[in-house]
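Q: There's a structure below that I have some questions on.
The values are calculated or read from the model by the stated rules, or taken from the named source; none is laboratory data. On a predicted model such as this, the values are computed, not experimentally measured, just so you know. Because the Cβ atoms are built from the backbone with ideal geometry, glycine has one as well, and the counts that use them run over all protein chains shown. We work out accessible area using only protein heavy atoms, side chains counted, and drop any ligands, DNA or RNA first. Shrake-Rupley method; radii C 1.70, N 1.55, O 1.52, S 1.80 Å.
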Amino acid sequence: MSTAAVQEPEVLVDMKGPVAVVTLNRPKALNSLSLGMVQQLLALNTQITAQPRPGEPVSCVVVKGAGGKAFCAGGDVKELVVRALGRSNGASAASAASAASSASAPAFALASGPDPAAFGVAFFRTEYANNAAISQLPVPYVALIDGICMGGGVGASLHGSFRVATERTVLAMPEAGIGLFPDIGASFFLHRLPGCLGRYVGLTGERLTGAEVKDAGFATHLVPSARISELEAALVALGPRAADPSVVDNLIRTFEQPPAVAAAAAAAASAGGGGGSSSLGSSALLEWKLPLINVHFGCGSVEQVIASLEAAVAGAEAASPQPAEGSLEAAQAAFLKSTLAAMRRGSPLSHAMTWEMLRRSAARHMTLRQALEMEFVMAARCVHGQADFLEGVRALLVDKDNKPAWKYGSVRQIPPQVVAGLFEPLPGEGPLFGGPGSGSGSGTGPASRM
């Protein structure tokens, strides 16, 4: 008899009356999404959308993460890259990634024989289809984003009608740091964030915390972490009434702290040295970060953004006298320095892709469906080794040498045709969505839930 422990399902669906409570159940992996998970989530959301009558038998979907640390840390990109690099065949990930990065290597060198990129392409196809399915749900979808929420976790929450953050929420789109690009519909929602915040979030991968997550528009509500379980129980208790978005909204609002209480908590956190940026009542994002972001990320190109940050950091370091520790000026200088460092860590090719992606989406007024279609083309190219994705994941998550060999040293070195080519569909790869309107030029699609 085998003594192996029975593996728990990676997605738990608990029907509590008409309310479906969905738990992302990979706590040891911070609930990162596997192919099996996105397949199951897509099947569930598709089934709910196909209900003969909205609200019956499922009136509401509540999604949460297991383990207490994370809602969802993103997609399990490590598995995608290990497969794409053919490591299971005994090949070194580093040498395979090096071959893919070589200018003389064939464009599809990693796809010879049984396509090693097929798994990754299938993952992104299913994940993006699920993002669209969430946006089309005819019933309230409540994501309890208590803890870490990154990349694919944002996709599993943002496209729903309600996103509940807490003071423990840490949210980021860190894809440029691993040679990918902000996906899961980011080309649709990033340029809709306040000011130039979308460029900042997408290019730097820097984290937003607590109240910043709501102020940025990623969350619709902000509730104390200690009350999340109580909120879940209250949503379940609504039963059939949970099908009414106004009822759900009013209920969640009763769990938010009154402004006076939140302000007092923020003041106490600040006095205690907590800074207040991750509290329930104060957001450094709106207080002083966003104006700085707008100045630098409002520039006309990635190169100009970096040059602007470099000039500001150099000026701050040369200032005399230096700002007092704990002052607003010191915080601003530290913020600019960390922002510049984040830009320098990321893949220049990813930055170029992200900039062009956001430009195309805004200029063409893309729907979410069209944005996801464009991102699927880009993701398929990345999995086939035509950007920095394989090398970035190899260096940071597989071999963990933290020394990615990016294809280009700066955005300035990248030929325009290289970037343009990453937006061209792969030969033989069908579109994400079939039928008219599935391309990036025309057609209808779900509206923003933001």
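Q: Pull out a ≥ b ≥ c, the square roots of the eigenvalues of the alpha-carbon gyration tensor of region 387-433, then state rounded if a/c is under 1.5, prolate if not and a/b is larger than b/c, and oblate in the remaining case.
A: Details: a/c = 4.06, a/b = 1.38, b/c = 2.93.
Oblate, since a/c reaches 1.5 and b/c is not below a/b.
Q: Shape of region 127-266 from its Cα gyration tensor (a ≥ b ≥ c, root eigenvalues): rounded if a/c is under 1.5, otherwise prolate when a/b > b/c, or oblate? It would help to have the intermediate numbers written out before the result.
A: Details: a/c = 2.16, a/b = 1.32, b/c = 1.63.
Oblate is the answer for region 127-266, as a/c is 1.5 or above yet b/c matches or exceeds a/b.
Q: For region 320-334, in order, what is each residue's ³J(HN,Hα) by Karplus, 6.51 cos²θ - 1.76 cosθ + 1.60 with θ = phi - 60°, in whole Hz (x at glycine and Pro)?
A: The phi angles translate into 9, x, 6, x, 5, 4, x, 7, 4, 4, 5, 5, 5, 5, 5 Hz.
Q: Picking from 343, 363, 332, whose Cα lies most toward the positive end of the charge dipole for region 325-369 (charges on Cβ: Lys, Arg +1; Asp, Glu -1)?
A: About the Cα centre, the residue reaching furthest to the positive side is 363.
Q: To the nearest 20 debye, what charge dipole does region 311-439 have about its Cα centre, counting +1 at the Cβ of each Lys and Arg and -1 at the Cβ of each Asp and Glu? The partial results should precede the final answer.
A: Working: 13 positive and 12 negative charges, 35 e Å.
My answer is approximately 160 debye.
Q: What is the ratio of the Cα radius of gyration of region 5-47 to 2.2 N^0.38 Å, where N is its residue count, to two decimals? Kindly include the intermediate steps, with their values, before the conclusion.
A: Values: Rg = 11.0 Å, N = 43, 2.2 N^0.38 = 9.2 Å.
Here the answer is 1.20, to two decimals.
Q: Turning to a different aspect of this structure: Students often forget the sequence filter, so: which lysines lie under 22 Å Cα-Cα from residue 64 once same-chain residues fewer than 8 apart are removed?
A: Hits, sequence-local ones excluded: 16, 28, 214.
Q: Among the aspartates and glutamates, which fall within straight-line cross-link reach of residue 400, defined as a Cα-Cα distance under 13 Å, with same-chain neighbours fewer than 8 residues apart omitted?
A: Partners within reach: 391.
Q: A follow-up question, please. Amide H to amide H, which residues 5 or more places from residue 11 or on other chains are under 5 Å from it, using H placed in the peptide plane?
A: 25
Q: So what J values fall out for region 239-250 if you push phi through Karplus, 6.51 cos²θ - 1.76 cosθ + 1.60 with θ = phi - 60°, rounded to Hz, Gly and Pro as x?
A: x, x, 5, 5, 6, 8, x, 5, 5, 5, 4, 5
Q: Using amide H atoms built 1.01 Å from N in the peptide plane, name the residues 5+ places from residue 33, or on other chains, whose amide H lies under 5 Å from its own.
A: 74, 75, 76
Q: Further question: Between residue 16 and residues 5 or more places away or on another chain, which pairs have amide H atoms under 5 Å apart, with H built 1.01 Å from N, and which residues are they?
A: Under 5 Å from the amide H of residue 16 lie the amide H atoms of 21, each far enough along the sequence or on another chain.
Q: Another question, then. In whole Å, how far is the Cα centre of region 392-428 from that of region 366-384?
A: 16 Å
Q: Give me the percent of accessible area attributable to carbon and sulfur for region 308-408, probe 1.4 angstrom.
A: On the way: 2210 of 4140 Å².
In region 308-408, the share of accessible area belonging to carbon and sulfur is 53 percent.
Q: Cβ under 13 Å from residue 166's Cβ, residue 166 left aside: what net charge do those residues give with Lys, Arg +1 and Asp, Glu -1? List each step's numbers first, then the result.
A: Details: positive: 64, 69, 163, 168, 214, 227; negative: 146, 167, 212, 230, 232, 256.
Around residue 166, the charge tally is 0.
Q: Starting from the Cα-Cα distance between residue 311 and residue 6, subtract it from 0.36 nm times their residue separation and give me the gain in nm to one decimal.
A: Separation in residues times 0.36 nm, less the Cα-Cα distance, equals 104.1 nm.
Q: Spelling out what I want: for every residue of region 56-61, take phi, set θ = phi - 60°, compute 6.51 cos²θ - 1.76 cosθ + 1.60 (Karplus), and round to whole Hz; glycine and proline get x.
A: 9, x, 9, 9, 6, 10
Q: So, with +1 on the Cβ of K and R and -1 on the Cβ of D and E, and no other charges, what is the size of the charge dipole of region 8-67 about its Cα centre, to the nearest 20 debye? Kindly include the intermediate steps, with their values, before the conclusion.
A: Working: 5 positive and 4 negative charges, 23 e Å.
Roughly 100 debye for region 8-67.
Q: Add +1 for every Lys or Arg and -1 for every Asp or Glu among the other residues with Cβ under 15 Å from the Cβ of residue 426, and state the total.
A: Numbers: positive: 125, 381; negative: 115, 373, 375, 424, 429.
Combined, the nearby Lys, Arg, Asp and Glu give -3.
Q: What is the sum of charges, Lys and Arg at +1 and Asp and Glu at -1, for the other residues whose Cβ falls under 13 Å from the Cβ of residue 187?
A: On the way: positive: 192, 199, 359, 360, 364, 369; negative: 175, 183, 356, 373, 375.
Within the 13 Å Cβ shell, the charges total +1.
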